[in-house]
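Novice: Sharing a structure below in structure tokens format, with a few things to ask.
Nothing in this text is a laboratory measurement; each read-out follows from the coordinates by a stated rule. These figures come from a predicted structure and were not determined experimentally. Don't worry about glycine lacking a Cβ; one is built from the backbone with ideal geometry, like all the others, and counts go over all protein chains shown.
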Amino acid sequence: MTREPDFSKSNGLLPTVVQHSRTGDVLMLGYMNAEAYELTRRDKRVTFFSRSRETLWLKGQTSGNFLNVVSISVDCDGDSILVRAVPEGPVCHTGTRTCFGDTPNPNLSFLATLSQTILERKADPQPKSYTSQLFASGVDRLAQKVGEEAVEVVIEAKNGNDGKLLDESADLLFHLMVLLESRDLSLADVADTLRRRSEMSHQSVER
């Protein structure tokens, strides 16, 4: 059963954390009243209640940097809200990626940043962007490109050249990410699939 927020607490204003659904970064903290919560659920874009202006506030209404909702969770006491979202552009009014600054994404977390860039090229095509050109080529060409890169990975693995193997693997992963995004999917969805398989495997072993 889905837990609902308890707006009888905290004078009807509940703290709301917004987290990037792909990178896991905490983007900002705001407050919602019951109306803001319902608008966010209905419109799939984050709406807050501004305590300073005492009015509803659709994030991105002025800047265009909307927060597109992926999921909404409520904590065990019903007095705080977690929104997982995909941002359109910088979240902070200062121009930084989050309201806590532009913290770097180390190691594998960089893939989440790359995934966001690919998503932006899909939503806002740039004529000189290779990624935008890939999207324009269509799914068939993208699938063919992934197949070609996969063959290159196999060849370099057999040749024993680690540097070229890494280069071709990077090409394969990039084109796979673009192909997934063309189907409105991402590496995060692939990771979720692997996680579910792992959980099912562990459950099977335990039985």
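Novice: Among Ile118, Ile155, which comes first, then next, by fewest other beta-carbon atoms within 10 Å?
Specialist: Ile155, Ile118
Novice: Something else: Evaluate the charge dipole of the stretch 107-206 about its Cα centre and quote only its size in Debye, nearest 20, assuming +1 on the Cβ of each Lys and Arg and -1 on the Cβ of each Asp and Glu.
Specialist: Details: 11 positive and 17 negative charges, 34 e Å.
For the stretch 107-206, the charge dipole is close to 160 debye.
Novice: Only Cα pairs under 8 Å and at least 6 apart count here; give the relative contact order of the chain as a rounded whole percent. Don't skip to the answer; put the middle values down first.
Specialist: Working: 273 pairs, mean separation 30.7, N = 207.
This gives 15 percent for the chain.
Novice: Kyte-Doolittle cut-off -0.5, length cut-off 24 Å along the helix's own axis using Cα: show which whole DSSP H helices in the chain pass.
Specialist: Numbers: long enough: 139-159 (30 Å, -0.12); 162-182 (30 Å, 0.51); 187-206 (28 Å, -0.79).
Those that pass (Cα extent of 24 Å or more, hydropathy at least -0.5) are 139-159, 162-182.
Novice: Next up: Tell me which label goes with the value of Cα Rg over 2.2 N^0.38 Å computed from the coordinates here: (1) 0.95; (2) 1.24; (3) 1.02.
Specialist: Structure-derived value, by its label: (2).
Novice: Grab the DSSP H runs of the chain that are 4 residues or longer, score each as -39,500 (n - 2.57), total them, divide by all residues and round the 222 nm result to the nearest 500 deg cm²/dmol.
Specialist: Details: 6 runs with 94 residues, N = 207.
The helix contribution divided over the chain gives -15000 deg cm²/dmol.
Novice: May I ask for the distance between the Cα centers of the stretch 19-44 and the stretch 153-201, given as a whole number of Å?
Specialist: Result: 31 Å between the Cα centres.
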